[in-house]
Each structure stands twice: as structure tokens, then as C-alpha cells.
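All remarks here apply to the structure that follows.
The values are calculated or read from the model by the stated rules, or taken from the named source; none is laboratory data. Model, not experiment: these values are computed from the prediction. Here the Cβ is made from the backbone with ideal geometry for all residues, glycine too, and neighbour counts use every protein chain on show.
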Amino acid sequence: MPDVIEWATQDENDIVYRYPKNTISWGSQLVVREFQVAVFFRDGKAYDVFQAGRHTITTQNLPLLTSILSKIAGFDRSPFTADIIFVSTKQFKGLYGASGQTTDLAPLKFFGSYWFKVSDPKIFVMEVVGGQSVFETPQVNEFLRGYMNERLISQLSKYDLVTVFSKLEEVSFKVKTAITEELARIGIQLIDLKFEGIDTTPEYRERLFWLKQTGATTTVLQMDTAKSVAESLSKSPGAALGAGMVIIPPIMQPQPTQQAQPQQQAQPATAPVAGTQTAPTTAIKINFCPNCGTDLRNLPTTPKFCPNCGLKLT
């Protein structure tokens with residue numbers, strides 16, 4: 001009586017199952033149930049794929065594997081060795097969660113859920129099951145969790161903290177698009193992805209609250225400029241630590257706004273020479289940074305330093 005090869009104990013949460021025997025006899029009956037796919041795997045490579053139905057193992061329905069076995073003498077009369085990997089094509093839910101960093105070096109913690117299904121069982125067996133030697137569902141889930149975390153950290157690191165929190169819907173859409181392409185490479189279709197929690201440290205949380213209440217984007221630019229200047233100074237040959245300590249405070253000082261001149265001004269220490277007039281000093285508004293071309297027209301006054309490259313402007 002021929003052997004019957006099947007996955008009869010499938011649970012609703014099971015993704016993969018490796019048939020316990022890898023010695024296959026010609027004429028064996030392969031039973032593949034609905035929402036299952038059977039893949040023949042040998043020597044690290046996936047070969048023939050069987051969809052739902054009852055199949056008799058012959059050389060005719062194993063063309064790819066037969067081409068390899070044909071090099072073995074007497075393969076058509078004796079059993080051969082191969083792993084049969086059953087893959088479920090149902091929809092599954094996965095979890096992710098990790099800590100990363102944004103472009104402004106702010107720590108970012110996130111977690112959520114995603115829904116997926118195996119769209120290409122052959123690639124999935126090649127890249128995940130056989131490629132990573134994960135032949136059981138818990139191992140597959142653990143691999144996919146790490147795979148998702150690694151790519152989410154990489155994608156979120158392309159945004160600053162304010163953008164992530166204020167435009168989470170837009171960011172999540174772009175992240176989902178990128179992750180969809182990444183998962184397709186290992187034979188998985190991403191159906192949906194949701195951020196269920198996102199947070200940072202108390203220090204950066206206070207900064208976000210302050211930005212929301214004041215909208216002081218100009219000051220934030222000054223803070224970022226100070227950070228860039230400090231980093232540049234620290235990398236300059238022979239730059240002393242005190243250099244950064246001296247230049248940063250002026251950058252961080254709030255810029256003066258245009259106000260009406262007081263009616264009385266303090267007399268200069270030295271009286272002007274009789275018969276001469278002192279020309280009033282007029283602040284000239286600079287519209288563009290002469291070094292990097294940054295647009296400064298939206299700022300109320302010309303800052304002391306360019307918020308992009310740190311060039312002294314006044």
C-alpha cells in the first residue's frame with residue numbers, strides 16, 4: 001500500500017509544516033488540502049510545487065526534481081530523499097516592536113501589528129524556511145518579527161521626531177509601501193500594517209510638547225544649527241573643547257525683532273564733532289544665505305548664523 005503524505009494536524013495559527021520522513025517512495029500519495037501548498041525541498045533548493053488536491057508521486061509531476069535525481073543511478077526504481085514542506089496560504093497576524101533613532105538623533109520606541117500571507121511558497125521556502133533553517137511556525141514568527149523590526153527601524157530613521165509624531169499617517173503609509181517591497185522578496189504579501197504605539201524619552205517628549213504649544217520652529221533651527229556647529233568644531237583638527245562652548249551661546253540667543261526706536265537714546269560716551277552728522281545704522285535683511293542659498297525670507301529678521309550651514313550672517 002503506498003504511503004500517504006499529508007498535513008492533517010494543521011492548526012489555524014500554523015504557517016509551515018515539514019513532513020517528518022524525507023525518504024519518498026515513487027507512487028506515494030500526496031494529499032494537499034485547501035489553503036495548503038506542498039513544496040519539494042532538497043539540497044537547499046525548492047523544486048516542484050503542488051497545489052490543493054491528491055497527487056501520485058511520479059517522474060511526470062516532479063519534472064524539476066527528476067532532472068536532479070536523474071544523475072543518480074537507479075533513481076526511478078528506489079526511493080529518493082527530499083523534504084516536503086507544507087505551507088499555509090491563509091492570512092496571519094504578526095507583531096513587531098523595537099527601539100530606533102530618528103534623523104535628529106532622538107530615541108524612538110514603537111510597536112504594532114501587521115497582517116500577511118505567503119504569496120509565493122517557493123520563494124518563501126527558499127528564503128525563509130530552508131534559507132534560515134526555520135521549519136516550525138514559532139521559528140518562522142520569530143524570524144519575521146526580527147525581519148520587520150530591522151526594516152521598520154531603517155525606514156523610521158529617515159524622518160525627524162516631529163514629522164513622525166505630527167504626520168504619523170503619512171509616515172506609516174510610506175513605511176508600509178517600503179516594507180511591502182521588502183516582504184515580497186521573501187515570498188510574503190503584506191496586507192496591512194498598523195502602529196499601535198509610538199513614544200520617545202521624557203526629554204524629547206517635553207520638546208515635542210513645547211513645539212506644539214509655541215510653534216517655535218525658528219528656535220529649533222537654531223538648536224539644530226548649534227548642534228551642527230559643535231559637531232563640526234569637534235571634528236576640526238586642533239579644535240579645543242572651549243571653542244564649541246564659546247560659539248554655541250550666541251547661536252542659541254533669541255533673535256531680536258524689529259521694534260520702534262525709543263524716543264530717547266542714551267548719549268554716546270564721546271560727543272560728536274560739531275558740524276558733523278552721524279549716519280543711522282540700518283539692519284539689512286538678508287533673504288538668502290550667501291554660502292548655501294538657504295531661504296531666510298520667512299524669518300522675521302536675519303539670524304546671526306545660517307540655520308542650515310552655520311555661516312555668520314551679521
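Some notes on this structure:
- Residue count for the stretch 102-133, restricted to those that are aliphatic (A, V, I, L, M) and free of Cβ contacts under 8 Å to residues at least 12 places away in the same chain: 1.
- Taking each residue of the stretch 21-40 that is in the same structural domain as PHE135 (by TED's automatic domain parsing) and looking for partners that are at pLDDT 95 or above with beta-carbon atoms closer than 9 Å, six or more apart or interchain, yields nothing.
Condition check ((1) over 23 Å from VAL140 (Cα atoms); (2) under 43 Å from the mean Cα position of the chain (by Cα)) across all residues:
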{"position": "ARG18", "(1), (2)": "no, yes"}
{"position": "LYS21", "(1), (2)": "no, yes"}
{"position": "GLY27", "(1), (2)": "yes, no"}
{"position": "PHE40", "(1), (2)": "no, yes"}
{"position": "PHE50", "(1), (2)": "no, yes"}
{"position": "GLN60", "(1), (2)": "yes, no"}
{"position": "LEU65", "(1), (2)": "yes, yes"}
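- Criterion: over 20 Å from VAL129 (Cα atoms), modelled with pLDDT of 95 or more and in contact with a Phe, Trp or Tyr (Cβ under 6 Å, 6 or more places away or on another chain) - qualifying residue of GLY94, GLY53, GLY112: GLY112
- Failed condition for ASP83, given (1) in the same structural domain as LEU193 (by TED's automatic domain parsing); (2) at pLDDT 90 or above: (1)
- The numbered conditions (1) in a strand (DSSP E or B); (2) buried (at least 17 other Cβ atoms within 10 Å of the Cβ) are all true for LEU65 except (1).
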